[in-house]
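The values are calculated or read from the model by the stated rules, or taken from the named source; none is laboratory data. Predicted, not measured: the structure shown is a model, and the values here were computed from it. Heads up, the Cβs are rebuilt from the backbone with ideal geometry, glycines too, and the neighbour counts pull from every protein chain shown.
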Amino acid sequence: MTDTGIITLLLVIANVAFSYKGFTNQTFFDGYKFEVDRILINKDYKRLITSGFLHVGWTHLIFNMISLYAFSGLIESYLGGTKFLIIYFVSLIGGDLLSLFVHRNHGDYNAVGASGAVCGVIFASIALFPGMDISFFGIPVFIPAWLYGILYVLLSIYGIKSKKDNIGYEAHLGGALVGMLAALLIQPAAFAENYRTILIIAVPTLAFIYLIATRPHILFVDNFYFRTHQDHYSIDHKYNEEKNNQQKEIDRILDKITKKGMESLSRKEKERLKQYSEKVL
């Protein structure tokens, strides 16, 4: 494994600094995390990137940074810093876009972490160097990269379907697939050399994405960990419901003014009326 380059070090520093700010400032954390309603309704698209530099705690951060450090040196030295950076960010965005699609009807769903980007780097390495062995945390146990890729895809697909825990498998899966495709676009000769491994990983991933796009009800399966799946409003229904509730509140305030005058309003009601007036104007 080659030495890690300057781009990797800068990414690690950025992740640590941004995450630490989030650890110590909840307002900052809430303002930049991935949250479905904030992205789809409020069009706050920066969260697709900023959420990838936040983490829920030191363990989450350290695990992602160690994984990034372990794989990025090979990619950065082989492709160069600029192309490595492209793979990192398109994987980050790709993972978040898949999460956004899977959870598009779960308005309060939120997530953070660099996992999508890190998985993109890992699977770019698998696409370019499938014959390499993978080991984690210095443990002298190695597995072939192609086997890791297959197991990872199957685990991620099951994780999305079963909702077994709070791990964002869809971000992992989306980032991994996009990272692999980005590496092949940058280095197309690798496909001819490693096409068997690439297809074994890519085909079930693409098939699963197609299924959740055409038959979203297959997403949920009952298991020991998650036995109840509730229906959710669509994002349009949720938006319309919120608009109706806001209109009812404004109508109530205006009716109160008509009956008792402006002085009867509470401070909160005056603020709500001001906000509404600014939106209309």
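Is segment 68-77 home to any residue that is out of contact with any Leu (no Cβ under 6 Å at 6 or more places or on another chain), closer than 27 Å to Leu211 by Cβ and small (Gly, Ala, Ser)?
No.
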Query raised in the report: in a helix (DSSP H, G or I) and over 15 Å from the mean Cα position of the chain (by Cα): does that describe Thr50?
Result: no
Query raised in the report: If you scan segment 56-77, which residues turn out to be surrounded by fewer than 19 Cβ atoms within 10 Å (Cβ to Cβ), touching a residue at least 60 places away in the same chain (Cβ under 8 Å) and not small (Gly, Ala, Ser)?
Result: Ile66, Tyr69
Requested in this report: Taking Ser99 as the residue in question, decide whether it is in a helix (DSSP H, G or I) and modelled with pLDDT under 90.
Outcome: yes
Query raised in the report: Going by the conditions given, is Gly31 in a helix (DSSP H, G or I) and either more than 15 Å from the chain's Cα centre (by Cα) or surrounded by fewer than 16 Cβ atoms within 10 Å (Cβ to Cβ) (or both)?
Result: yes
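Based on what the data block shows, is Tyr210 modelled with pLDDT of 70 or more and either over 26 Å from Leu48 (Cα atoms) or not assigned by TED's automatic domain parsing to the domain that holds Ile150 (or both)?
It is false that Tyr210 is modelled with pLDDT of 70 or more and either over 26 Å from Leu48 (Cα atoms) or not assigned by TED's automatic domain parsing to the domain that holds Ile150 (or both).
It is to be established whether one or more residues within segment 77-87 are of a type in the set (A, V, I, L, M), over 16 Å from Gly116 (Cα atoms), in the same structural domain as Tyr148 (by TED's automatic domain parsing) and part of a helix (DSSP H, G or I).
yes
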Query - The one condition in (1) out of contact with any Leu (no Cβ under 8 Å at 6 or more places or on another chain); (2) free of Cβ contacts under 8 Å to residues at least 40 places away in the same chain that Phe53 fails to fulfil - result: (2)
